[in-house]
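Peer 1: Have a look at this one.
Bear in mind that the values in this text are calculations on the coordinates, not laboratory data. Everything numeric in this text was worked out from a predicted model, so none of it was measured. Positions of Cβ are generated from backbone atoms using ideal geometry, with glycine treated the same way; all protein chains shown enter the neighbour counts.
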Amino acid sequence: MSLSLADVEKVARLARLAMTEQEMQAAQAQLSNIFGLIAEMQAVDTRGIEPMSHSQDLAQRLREDKVTATDQRAAFQAIAPQTEGGLYLVPQVIE
């Protein structure tokens, strides 16, 4: 897919970019190269290839999922100005 200068100008206007004629020509060449690469990648037959979650076949070292922190809610709420039913009460800020 190739872009025209009018396409580049429209994209620049939508992005609120002020571009000179030279900058638009450079952007046109760069964007056309990017679209060419995308078309080349889409032309590759990938049937029968399973998607990968990572480019290398690595196993993550995961720690055991267990609780390590103790429940300190009562201690924290003991020093709070106002609590009710396990919740902190704060002044209303929006009417």
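Peer 1: If each DSSP helix of 4+ residues adds -39,500 (n - 2.57) and the sum is divided by the residues in the chain, what number results at 222 nm, nearest 500 deg cm²/dmol?
Peer 2: On the way: 3 runs with 38 residues, N = 95.
Result for the chain, helices only: -12500 deg cm²/dmol.
Peer 1: Divide, for the chain, the radius of gyration over alpha carbons by 2.2 N^0.38 Å, where N is the residue count. Present the calculation step by step, with values, prior to reporting the outcome.
Peer 2: Values: Rg = 28.7 Å, N = 95, 2.2 N^0.38 = 12.4 Å.
Its radius of gyration relative to the 2.2 N^0.38 Å reference: 2.31.
Peer 1: Name the long-range amide H neighbours of Thr83: under 5 Å, sequence gap of 5 or more, or other chain; modelled H, no Pro or chain starts.
Peer 2: Hits under the 5 Å cutoff: Leu89.
Peer 1: What is the distance in Å between the Cα centroid of segment 13-32 and that of segment 34-95?
Peer 2: For segment 13-32 versus segment 34-95, the Cα centre distance is 38 Å.
Peer 1: For the chain, take the longest principal axis of its alpha carbons; what is the angle in degrees between that and the long axis of helix 21-42, to the nearest 10 within 0 to 90?
Peer 2: 80
Peer 1: Here's a follow-up. Take Ile38, Ile49 and order them by how many other Cβ atoms sit within 10 Å, fewest up front.
Peer 2: The order, fewest Cβ neighbours first, is Ile49, Ile38.
Peer 1: If you line up the long axis of helix 5-14 against the longest principal axis of the chain, both from Cα atoms, how many degrees apart are they, to the nearest 10?
Peer 2: It is inclined by approximately 20 degrees.
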